[in-house]
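Comments concern the structure below.
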Amino acid sequence: MKKILLIAIILTPLMWSCKKDQVEINKQEPLGQKVLENLLEHTEIVDTVLLANVNALELGMRFYSINAGKITHLGCKMPYAGKFTVSLWDHGSKQLLASEMIDNYPDRFSYADIVDIPAMANQRFVISVNNVTEGVKRPYYISQRKSSTASLYPFTAGNIVYEAFHSKLTTVPLYPDAVTIGNQSFVAGYPDFIIK
C-alpha cells in the first residue's frame, strides 16, 4: 500500500504537467501554398529554364484563387543576389496592395512576410517582380515548354489559376499592364506568394 501511495505521489505532478494546450502552443502553423515554387518543381507546365537580360522590366502574372484565403508572403527567385521588389496588385483597379524588397539568394526562392491580404474566390491579382536592383537591370529566369510555343495560359497550380503573363518596360515597380499574345508561352521573373 505504501508503494502505491508513493507511486501516486510521484506520478500526480507529472500528470498535471501534461496539459493538452501546451502541445498546441508549440505547434507551428502550416506555411501555406508556395504557388510558383511548387509549380516549377514539376514539369507538367514548363520543362525548360533559360536566362534573359533584355530590358529593365516589371514581370508578372495575373491569377486568382479558386477558394477564399489570405496572401501572407511575397517572394521571388532571381539568378542574381540582391534586393528585388516584388509587388501584389489588384488587377481590376491596378492598385498596389503590397510591396516588399526581397533579399534574394540565387537559385532558391526567398520570401518576406506581409500584412495579410484577403483573397476572395475568383478575385484577380497580378504578382510581379522588377528585375532592377541597385540601379542595374539583372538577368531573370524564363520557363517554357520545349515542345510548344503555344500559350501556357490559363493553367492551374493547386488552387491558383494563372490567366496571363504581364510585363512593363520600367526601372521602377509599376503595374505591368502589357499583355501581348507573343508573351503567353512562358513564365518569367519568378515572382511568388504564399496563400493560406
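Read the figures in this text as sums done on the coordinates, not as results from a lab. For clarity, every value in this text was computed on a predicted model and none was experimentally measured. Cβ atoms come from the backbone with ideal geometry, glycine included; neighbour counts cover every protein chain shown.
Structure above, values below:
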| quantity | calculated |
| --- | --- |
| Ile71 vs. criteria within 13 Å of the chain's Cα centre (by Cα), at negative phi and without any contact (Cβ under 8 Å) to a residue 60 or more places away in the chain | no |
| Residue match in segment 182-194 (condition: part of a strand (DSSP E or B) and either farther than 17 Å from Leu40 by Cβ or β-branched (Val, Ile, Thr) (or both)) | yes |
| Filter result (of a type in the set (A, V, I, L, M) and under 14 Å from the mean Cα position of the chain (by Cα)) within segment 81-114 | Val86, Leu88, Ala98, Met101, Ile102, Ala112, Ile114 |
| Only listed residue being without any contact (Cβ under 8 Å) to a residue 12 or more places away in the chain, more than 17 Å from Thr72 (Cα to Cα) and not hydroxyl-bearing (Ser, Thr, Tyr), chosen from Val179, Val172, Val136, Val161 | Val136 |
| Single unsatisfied condition, Asp116 versus (1) farther than 13 Å from Cys76 by Cα; (2) in a loop (DSSP other than H, G, I, E, B); (3) not β-branched (Val, Ile, Thr) | (2) |
| Subset of segment 140-161 that is of a type in the set (Gly, Ala, Ser) and surrounded by 14 or more Cβ atoms within 10 Å (Cβ to Cβ) - its residue that is farthest from Met61 (Cα to Cα) | Gly158 |
| Some residue of segment 119-139 being under 19 Å from the mean Cα position of the chain (by Cα), surrounded by fewer than 21 Cβ atoms within 10 Å (Cβ to Cβ), over 17 Å from Gly92 (Cβ atoms) and of a type in the set (S, T, N, Q) | no |
| Of residues in segment 145-170 being β-branched (Val, Ile, Thr) and not in a loop (DSSP other than H, G, I, E, B), the one nearest to the chain's Cα centre (by Cα) | Ile160 |
| Qualifying residue in segment 99-114 (condition: in contact (Cβ under 8 Å) with a residue 40 or more places away in the chain, among the polar types (S, T, N, Q) and surrounded by fewer than 19 Cβ atoms within 10 Å (Cβ to Cβ)) | yes |
